[in-house]
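Peer 1: Quick one: this structure, given as structure tokens, is what I'll be asking you about.
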Amino acid sequence: MNFNQPIQQFEMHYKKEKDARAKTRLHVLLLRRQKYSQQEIAAITRITQGSVSNICRRYLKEGWGSVYDKPRDGRPALLTKAQKEILKEKMKNEIVEGKIHRGWQTKDVRSFLKEQFNRTFTVQHTRRIMHKIGMTWKVPRPQHKNQNEKDVNTFKKTSPGRYCLWQMSTKSSA
């Protein structure tokens with residue numbers, strides 16, 4: 001590839017791109033095609049002069065595909081997709097302790113992961129896993145375990161209720 005291609009081709013690629021990082025790289029290439037210097041391009045796009053040089057060099061070597069990020073290797077997940085599905089299915093059921101039915105707590109998930117998959121995670125990472133499989137963290141408790149029925153009934157009878165901050169407008173717009 002070279003910078004002698006029609007400028008319309010550079011503009012077309014730039015206008016169609018949705019990915020922000022690729023669009024920045026295409027902007028650099030477009031400016032380079034318009035005969036701006038590396039110093040000027042670096043000042044306009046607010047990236048370093050070395051990055052401008054690398055973007056241009058990669059384009060000349062690899063072509064239009066060079067503007068996109070290459071896939072990177074990462075640390076393998078400690079739970080496989082199948083294990084996450086098992087956890088998700090298990091969490092759909094409530095925990096039953098005698099007469100009490102309740103949702104899952106983080107400590108319950110941690111103990112399940114330890115027993116089932118022999119994996120130990122921190123509280124924060126356990127919450128992160130739960131979030132990734134589509135679970136929400138806070139679940140309202142149906143009743144407090146130390147709730148006093150007499151006090152609740154008294155409160156219901158004497159409480160003025162919640163104050164409404166929103167009211168219907170009585171003025172007509174006509």
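Peer 1: Calculate the all-directions average of the projected area of the range 73-139's alpha-carbon convex hull, and give it in nm².
Peer 2: Mean orientational projected area (the range 73-139, Cα hull): 4.9 nm².
Peer 1: Given (i) 1.18; (ii) 2.48; (iii) 1.89, which label gives Cα Rg over 2.2 N^0.38 Å as computed from the coordinates?
Peer 2: Calculated Cα Rg over 2.2 N^0.38 Å: the matching label is (iii).
Peer 1: For the chain, the longest stretch holding no chymotrypsin sites (Phe, Trp or Tyr not before Pro) located in a DSSP loop with at most 10 other Cβ atoms within 10 Å is which?
Peer 2: On the way: sites that count: Trp137, Tyr163, Trp166.
Value returned for the longest uninterrupted segment is 1-136.
Peer 1: Mind giving me the FRET efficiency for Ala20 and Lys107? R0 is 41 Å, r the Cβ-Cβ distance, nearest 0.05 is fine.
Peer 2: Efficiency for this residue pair is about 0.55.
Peer 1: Which trypsin sites (Lys or Arg not before Pro) from the range 1-92 combine a DSSP loop assignment with at most 16 other Cβ atoms within 10 Å?
Peer 2: Those satisfying the criteria are Lys18, Lys35, Arg46, Arg72, Lys92.
Peer 1: Taking 0.36 nm per residue of separation and subtracting the Cα-Cα distance, what length does fully extending Thr80 through Thr158 add?
Peer 2: So the extension gain works out to 22.7 nm.
Peer 1: Give the relative contact order (percent, whole number) for the chain; include only Cα pairs under 8 Å separated by 6+ residues.
Peer 2: Computed over the chain, the figure is 13 percent.
Peer 1: Over the Cα atoms of the range 1-104, each weighted equally, I'd like the Debye log10 I(q)/I(0) at q = 0.18, 0.24 Å⁻¹, rounded to two decimals.
Peer 2: Here log10 of I(q) over I(0) equals -0.85, -1.29.
Peer 1: Quick check: the angle from helix 7-16's long axis to the longest principal axis of the chain, C-alpha only, nearest 10 degrees?
Peer 2: The answer is roughly 0 degrees.
Peer 1: Let me know the number of lysine pairs in the range 73-139 closer than 21 Å at the Cα, not counting same-chain pairs under 8 apart.
Peer 2: Eligible lysine pairs with Cα atoms under 21 Å apart amount to 26.
Peer 1: If R₀ is 25 angstrom, what is the calculated FRET efficiency for the pair Glu149 and Glu97, using the beta carbon separation as r and rounding to 0.05?
Peer 2: My answer for the efficiency is 0.75.
Peer 1: Taking the square root of 5 times each eigenvalue of the Cα gyration tensor, what semi-axes in Å does the equivalent ellipsoid of the range 7-67 have, largest first?
Peer 2: Its equivalent ellipsoid spans semi-axes of 16, 12, 11 Å.
Peer 1: How far is helix 149-158 tilted off the main Cα axis of the chain, in degrees rounded to 10, range 0 to 90?
Peer 2: Between the helix axis and the principal axis of the chain, the angle is about 80 degrees.
Peer 1: Next question. Just how large is the dipole of the range 55-115 about the Cα centre, in debye to the nearest 20, putting +1 at every Lys and Arg Cβ and -1 at every Asp and Glu Cβ? Mind dumping the intermediate values first?
Peer 2: Details: 16 positive and 9 negative charges, 51 e Å.
The dipole of the range 55-115 has a size of about 240 debye.
Taken together, the values in this text are just the output of simple stated rules run on the coordinates, not laboratory data. Owing to the predicted nature of the structure, the values given are computational and were not obtained by experimental measurement. So basically every Cβ, Gly included, is an ideal-geometry build from the backbone, and we count neighbours across all protein chains shown.
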